[in-house]
């Protein structure tokens, strides 16, 4: 074969690999990355853009995703009467029971519920507020949120027991525990339901969690041999393919998890051994697997979680110290 034919063959073998890799990469970029790419193309041409973007991508440069967050949640509500009244669609037979544990922090709870109402179309659901003896405007939530189910404790039970208590009120086929310091993103609920409906072996599934600046918080959780946990992909680019396929995981953080109600009842809910809080979500996931079911991460369901708003980040005091004890 002549030199000319060899060169043509080399090009034929090289081009699909390069274009293919670039094409795959471009399916996972957001507008920010696209603007960067255009700048590279303008300055260095197509191949220069490819070389720079692949270098940045392989280095794991964090590119944040745009999120929809109502920042009014960050401020305490002073004028309760001026708040807009919202309405949860009433359903006789909801498919999903969304359980939101809360102790005060009405501002987070209210805007969390507003995001659910706005972005949960296509699925019949109910919202159960697990009010753990709140003393703020949470006590008056029915005035501003119509058709909400309120489960109130007689004494402050804290997270684990409060969730178990509220779950008894649920009517749905699926229970979805959602922290009040979250705001759900468009189309978040249906992918969780679809995954459970399509796979009878799926016992528990959970969302992709993002920080409020759009960085990845968790794409499923890892439990190491010493029982310490880690959020897979933390602080990385949520658009990477590593975080965008359904997969089995060790656990899913309790900020947004769905479990079959019949399985939950068979297990007996969160294990009281871990009261008041922390590692109950990991233990539930391990128990779900022990019962012969899968624990699945669903990236199509996206939830923004304002981490640390509930119990802070100090591992030596308050409820947060139980994270170390329960490990």
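The values are calculated or read from the model by the stated rules, or taken from the named source; none is laboratory data. Because the structure is predicted, anything quoted here is derived from the model rather than measured. Note: ideal-geometry Cβ built from the backbone for every residue, glycine included; neighbour counts use all protein chains shown.
A few notes on this one:
- Test: residue in the range 207-215 that is touching a helix residue (DSSP H, G or I) at 6+ places or on another chain (Cβ under 6 Å) and touching a residue at least 60 places away in the same chain (Cβ under 8 Å): no
- Residue within the range 201-215 that is surrounded by fewer than 24 Cβ atoms within 10 Å (Cβ to Cβ) and closer than 21 Å to residue 283 by Cα present: yes
- Residue that is nearest to residue 77 (Cα to Cα) [pool: residues in the range 88-119 that are touching a strand residue (DSSP E or B) at 6+ places or on another chain (Cβ under 7 Å) and part of a loop (DSSP other than H, G, I, E, B)]: 88
- For the range 241-256, the set of residues classified as in contact with a strand residue (DSSP E or B) (Cβ under 9 Å, 6 or more places away or on another chain) and in a helix (DSSP H, G or I) consists of 243 only.
- Any hit, the range 272-281, residues being in a helix (DSSP H, G or I), within 21 Å of residue 233 (Cα to Cα) and at pLDDT below 95: yes
- Residue check, residue 142 within 27 Å of residue 76 (Cα to Cα), surrounded by fewer than 17 Cβ atoms within 10 Å (Cβ to Cβ) and either in contact with a helix residue (DSSP H, G or I) (Cβ under 7 Å, 6 or more places away or on another chain) or modelled with pLDDT of 95 or more (or both): yes
- Residues located in the range 152-165, provided they are surrounded by 20 or more Cβ atoms within 10 Å (Cβ to Cβ) and over 21 Å from the mean Cα position of the chain (by Cα): 157, 161
- Considering the conditions (1) farther than 19 Å from residue 187 by Cα; (2) in contact with a helix residue (DSSP H, G or I) (Cβ under 7 Å, 6 or more places away or on another chain), residue 235 is excluded by exactly one of them, (2).
- Matching entry among 123, 117, 98 (being without any contact (Cβ under 8 Å) to a residue 60 or more places away in the chain, surrounded by 15 or more Cβ atoms within 10 Å (Cβ to Cβ) and within 21 Å of the chain's Cα centre (by Cα)): 117
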